[in-house]
Structures are given as structure tokens and as C-alpha cells.
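Shown next, in C-alpha cells, is the structure this report addresses.
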Amino acid sequence: MLSRRSILRAAGGGALAGLLPLPRAAAAEIVEIRMRGNEDGSKVWFDPVGLLIEPGRTVRWISADPANSHTSTAYHPSNGDHSLRIPEAARPWNSDYLLPKEHFDVTLTVEGVYDFFCMPHEMAGMVGRIVVGRPDGPGALPFDYFTAAHPGWLAVPEEARPVFPAIDEIMRQRIVRRRIS
């Protein structure tokens with residue numbers, strides 16, 4: 001038979017258990033970005049072109065273009081003197097050339113905006129943007145903000161600039177697809 005004291009003790013324990021932190025969820029799913037192109041290879045793009053993710057998520061770029069090889073490369077001075085367009089505390093990456101069905105992974109832990117490009121197709125507008133957590137850092141600033149102070153850095157090409165989705169659009173939609181004409 002249950003006493004009033006045992007019922008209160010059990011209820012109090014249940015309330016205390018509700019205050020304890022829950023165990024962490026298993027590793028988060030990998031977020032995929034496909035590297036695409038049309039059949040004759042004349043148009044190339046990342047799909048999606050914009051993402052909002054939480055810190056600690058892994059992004060996987062997958063080459064899904066049978067006509068071209070591609071890279072995923074962070075806008076960073078260590079990558080061919082490109083301008084800094086990722087958080088200053090973040091590690092830059094460069095996938096090297098990926099052939100069809102090959103992939104490359106990066107885990108993004110520092111909050112901010114990460115702009116990236118495909119080395120052979122940057123001038124064709126093959127660029128993308130990821131917001132990790134909250135929009136902050138060099139990628140959230142105007143394209144020419146740092147290149148004026150660092151004349152050796154390569155600016156984001158004029159042809160590529162309109163392809164980047166607006167940060168507020170990424171924050172609102174979470175996933176932004178590129179409109180291909």
C-alpha cells in the first residue's frame with residue numbers, strides 16, 4: 001500500500017528528473033550539397049546554394065555532374081589569395097577536384113557566414129553560402145569590405161555576386177535552391 005509520503009517522494013523525484021539535462025541526440029545527419037551541371041556542361045551550380053545549419057553539423061559536397069569535375073573551396077586567403085568570407089576562427093577548406101560520385105565533408109563548428117566556390121567555375125557563378133547558427137563574421141559584410149584593406153586578396157568576381165542568396169533569405173527559408181535558367 002502506498003503512503004502519502006511515498007507518493008510525494010516519487011512526485012518530487014519526477015519533478016527533479018524533469019530538470020536534469022537530457023542525453024545528447026545521436027550524431028546529426030550529414031547535410032548534402034550537390035555539385036551539378038547541365039548535360040552539355042555549359043551551366044554549373046551548387047544545389048542548394050544556401051543553407052542554415054546548427055554549429056557542429058557536417059556538410060557533404062557530392063559531385064553529381066557527369067560532364068565536369070568540381071571543388072568546394074572556402075573563400076579564404078590560404079586558398080589562392082581569395083578574400084576572407086568565412087569566420088576568422090574557422091578552418092578553411094579545399095576539397096581538391098571531385099569526379100562524379102565523389103564527395104568531400106567538412107564539419108562547421110564556428111558560428112557565422114561561410115561563402116564557398118568551385119575553383120574552375122567561380123567565374124561561371126558556381127558559389128554558395130552557409131549560415132552556421134547566426135549570421136556573423138566576414139561573410140556577412142559587403143563583398144569588398146576586406147579586399148580594400150588587403151590589396152593582394154582576390155575579390156569575389158562580379159559575375160558570381162548575384163548568385164549568393166541573401167542572408168535574410170537563408171534565415172527565413174533554411175534551404176535556398178538556385179534558380180537555373
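Every number in this text was worked out from the coordinates using simple rules, so none of it is lab data. None of these values were measured; they are calculated from a predicted model. Virtual Cβ from ideal backbone geometry, glycine too; neighbours counted across all protein chains shown.
What to note about this one:
- With the convex hull of the Cα atoms taken as the outline of the stretch 137-181, the averaged projected area works out to 4.0 nm².
- Gap separating the Cα centres of the stretch 117-168 and the stretch 43-58, nearest whole Å: 14
- Hull shadow area, averaged, the stretch 77-151 [alpha-carbon convex hull, nm²]: 5.5
- Here is the list for the stretch 109-181: GluC sites (Glu not before Pro) lying in DSSP coil, each with at most 13 other C-beta atoms within 10 angstrom of its C-beta, are Glu158, Glu159.
- Cα centre as origin, Lys/Arg/Asp/Glu Cβ charges: the stretch 96-155 dipole, Debye: 100
- Volume of the Cα convex hull of the stretch 23-157, divided per residue and given in Å³: 99
- Packing-based ranking of 50-60, 74-84 yields 74-84, 50-60, ordered from highest to lowest mean Cβ neighbour count within 10 Å.
- Computed from the C-beta positions of Asp96 and Arg172, the FRET efficiency with R₀ = 45 Å rounds to 0.85.
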